[in-house]
Every structure is written in structure tokens, then in C-alpha cells.
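Pasting a structure here, questions to come.
Since every read-out is calculated from the coordinates, none of them should be taken as a lab result. What you are looking at is a predicted structure, and each value in this text was computed from that prediction instead of being measured. Don't worry about glycine lacking a Cβ; one is built from the backbone with ideal geometry, like all the others, and counts go over all protein chains shown.
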């Protein structure tokens, strides 16, 4: 077996340590977003209803806890207590009493109300903002749409810079800086929120 040069070996060790660090950070991030607790129920296509709890949120879906065994591909209407309306959803995966849920892109509410996602709603809340390679800081959220938001920036970013915004228990959202005015910035999300998820996030912030 050929000897590995010390410099190469050192590089490999550092690379493995970095990978382990990233994995640990990702694991910690997953753990921190499991504080959401919305109770509700689902209604299957045959009219059968079942109880569920929403335990975390993502851009266009969520993770739920339920005693019902849900197979991937199963479609249902998601209803959460305290939220108006319903969301068309389907099961992506199911394991140990939990299921990954995605909101259907064909959601009829999204077709009927195409302007709702673009409506700029005034919000007075705190979010976490982070620039690449920097520590996250708390800033004020002024308004919010499904496509972007206006936030207070303690560290003034550059135009077109990629930043991360964290809304409460939701995973950090990637966004590009579109404009800067003093310490306020307009951000455009890399992935817009699904209409149903936007309403959940908005209610969470206002709650």
C-alpha cells in the first residue's frame, strides 16, 4: 500500500472534520425546528377524518404526527385549529407515527386567489437574519409576502447578496437582497412560500 503524503493526509482529515461539522449543524438545525405545535385534523378523499398535530414547517409542506398509517401518495385536506380554510396536501413519507406532507401545487385556493401571495401585508415581528459566514442577529420584520419581505438589518448587506431569514420555528429561508435603504432591506425569497404555508407563517407571526 502506497504511503499517503502528510499534506494530503492532513487535507483529508480536515475535510472529514468539516463534513462531520456540517452534519452536526444540520442535525442541530433539524432539532431546533421541532417546537411547532398546531393541532388539527385531516380529511381523506372518502370523507374519513383523522386527528393530527403539525410539528414542523418547511417552504411548501410540513411534518405531522398522527396515529393513522398514511401511505405515500395519499391525498387529504389539512385543517388546523385557529386557521381559516384548508390546504390540499399529499403524503410524501410515513414512519413511526410521523408523516412528511407536501402541499399540492394544484391547490385550488392558489388558483382562485392568485393575488393573495403577492399582497404586501404589514407585520410587526422579530426575525433572525444571517449573512454568509456571520452570526445571526435579531431584526424587525416590517412586511411580508409569499415572495419576499422587508427587514431591519443590523449588519448592512450588499445589493444582490444572499442572506438567510428565520421566521420563528420555520427553517431559515434563503433570500436575495433587492434593495437597501439605510438599515432596511427588501428581500426576495429564493423559493416563494406556498399560499397555504404563507398563511400559516403569517398567523404564527401575528399570534
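Taking neighbour Cβ counts within 10 Å as the exposure measure, how do 71, 183, 189 sort from fewest upward?
Exposure proxy ranking, most exposed first: 71, 183, 189.
Turning to a different aspect of this structure: How far, in nm, would the chain grow between residue 159 and residue 43 when pulled straight, counting 0.36 nm per residue and subtracting the alpha carbon separation?
37.2 nm
To continue, here is another question. Compute the length gained on full extension between residue 96 and residue 206: take 0.36 nm times their separation in residues and subtract their Cα-Cα distance, giving the result in nm to one decimal.
36.4 nm
Quick one: if you stick a label point 7 Å off each Cα along the C-beta vector at residue 65 and residue 143, how many nm between them?
For residue 65 paired with residue 143, the spin-label model returns 3.9 nm.
Once the stretch 116-206 is represented by equal point scatterers at the alpha-carbon sites, with solvent omitted, what log10 I(q)/I(0) does the Debye formula produce at q = 0.14 Å⁻¹?
-0.41
Which order results if 57, 162 are arranged by neighbouring Cβ count within 10 Å, fewest first?
Ranking 57, 162 by Cβ neighbours within 10 Å, fewest first, gives 162, 57.
Taking the simple approach of a point 7 Å from Cα along Cα-to-Cβ for both residue 124 and residue 180, what is their distance in nm?
2.8 nm
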